[in-house]
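For reference, the structure discussed in these notes is given below.
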Amino acid sequence: MGLASGRQKQQVPGMGATAWAHPRLCRLILPVGVFLLLLCFSSLRLPEHSLSACILGGRPCHWFGETPSNKEDKEKEMPPPASPPTNTTGAPLLPLSPADPQDQSNEFHIKHMQRAFTASLMPSGQILIWEYLSGWKELIKFMDSLGAAFGLISRETQTKIAIMQQHQNGPQGPHYHTLQSMVNFELAKGLVGFQSLPAGHLPSGCRTLLRLHRALKWLELFLHKLGTSEDRDPSQMCADAYREALAPYHSWWVRQVASLAFMALPSRQDLYHIICLEEERKARTILQATVHSIARVYNITHEVYAAHGMLDLP
């Protein structure tokens with residue numbers, strides 16, 4: 001064994017240090033190449049398959065995801081909420097100022113997101129799905145503002161929202177009013193799909209919302225770190241939140257792509273400006289109130305899934 005090892009370490013004449021650096025170079029080129037390839041594909045509109053279906057925590061992680069057909073995948077307009085958001089959960093509700101537009105523009109407003117998640121939690125503990133999805137739509141605007149590297153995650157999130165809205169607008173729509181009513185209905189009808197997704201069927205609401213639930217924890221942790229840390233690099237904070245919340249559900253190559261995407265995050269000051277257009281001290285206060293609202297919704301959703309043994313749905 002010692003002789004063989006010594007022979008393996010012997011340097012081949014003429015190759016020099018380049019030969020030893022070659023494996024290290026390959027390890028760097030592989031994730032970069034995959035990342036660039038996925039960015040190229042993400043610029044195309046693929047009607048039936050999504051290259052990023054596993055980004056939001058699908059398990060196992062395949063090249064192609066579980067998405068409905070092109071006609072079914074178009075997002076339908078949802079009716080307006082029955083009542084405006086109110087602070088019924090004990091979470092601090094950020095007031096809207098005259099400078100905050102009320103229209104559905106593509107510009108991100110953290111106060112709209114915070115109010116949507118606060119309104120999704122009823123005093124009884126029920127999670128209103130329409131308001132929950134409204135909060136996610138604001139999060140999509142936030143991810144879109146972070147640059148093209150987050151395009152894959154943003155696009156897959158939109159796919160999941162479209163699936164949930166198809167359930168709400170379908171013949172069984174009343175059962176998809178709250179998280180709890182959806183879970184009870186799909187369990188009673190055998191629609192959850194504990195082992196696999198039935199061929200030709202729209203993914204169940206429970207499976208779809210679980211992907212959003214996992215990703216919500218990642219964004220909650222990132223916003224919390226951003227609002228409490230004074231000197232850490234945002235890229236590192238985002239990567240740490242990802243490793244804690246989502247990485248366990250992803251394959252090696254997805255983790256490499258994600259780590260490269262985080263490196264493209266804006267600076268701390270730029271992020272504060274994107275999030276709330278305020279100076280740092282006020283931005284921290286707004287972030288803490290938002291994280292509080294998201295955490296309350298996340299914790300109750302997690303309890304519902306855990307109570308029915310659905311935290312590890314494939």
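What follows draws every value from the coordinates through simple rules; no lab data is involved. The shown structure was predicted, so the numbers you read here are calculated from the model rather than taken from an experiment. Methodologically, a virtual Cβ is constructed for each residue, glycine included, from the backbone with ideal geometry; neighbour enumeration extends over all protein chains shown.
Once a ≥ b ≥ c are taken as the square roots of the eigenvalues of the Cα gyration tensor of segment 248-314, is the result rounded (a/c under 1.5), prolate (a/b larger than b/c) or oblate (a/b not larger than b/c)? Present the calculation step by step, with values, prior to reporting the outcome.
Details: a/c = 5.36, a/b = 1.31, b/c = 4.08.
Note, shape of segment 248-314 comes out oblate.
Projecting label points 7 angstrom from Cα along Cα→Cβ for Trp252 and Gln195 puts them 3.0 nm apart.
Which pairs, out of Lys160/Lys225; Lys111/Lys282; Lys189/Lys217; Lys160/Lys217; Lys160/Lys189, put more than 18 Å between their alpha-carbon atoms?
Working: Lys160/Lys225 26 Å; Lys111/Lys282 13 Å; Lys189/Lys217 29 Å; Lys160/Lys217 16 Å; Lys160/Lys189 21 Å.
Checking Cα-Cα distances, Lys160/Lys225; Lys189/Lys217; Lys160/Lys189 exceed 18 Å.
Report note on the peptides 156-164, 268-276: ranked by the mean count of other C-beta atoms within 10 Å, highest first, their order is 156-164, 268-276.
Take the Cα coordinates of segment 109-314, assign each an equal point scatterer, and use the Debye formula without solvent to give log10 I(q)/I(0) at q = 0.08, 0.17 Å⁻¹. Cα-only, vacuum Debye calculation for segment 109-314: -0.27, -1.21.
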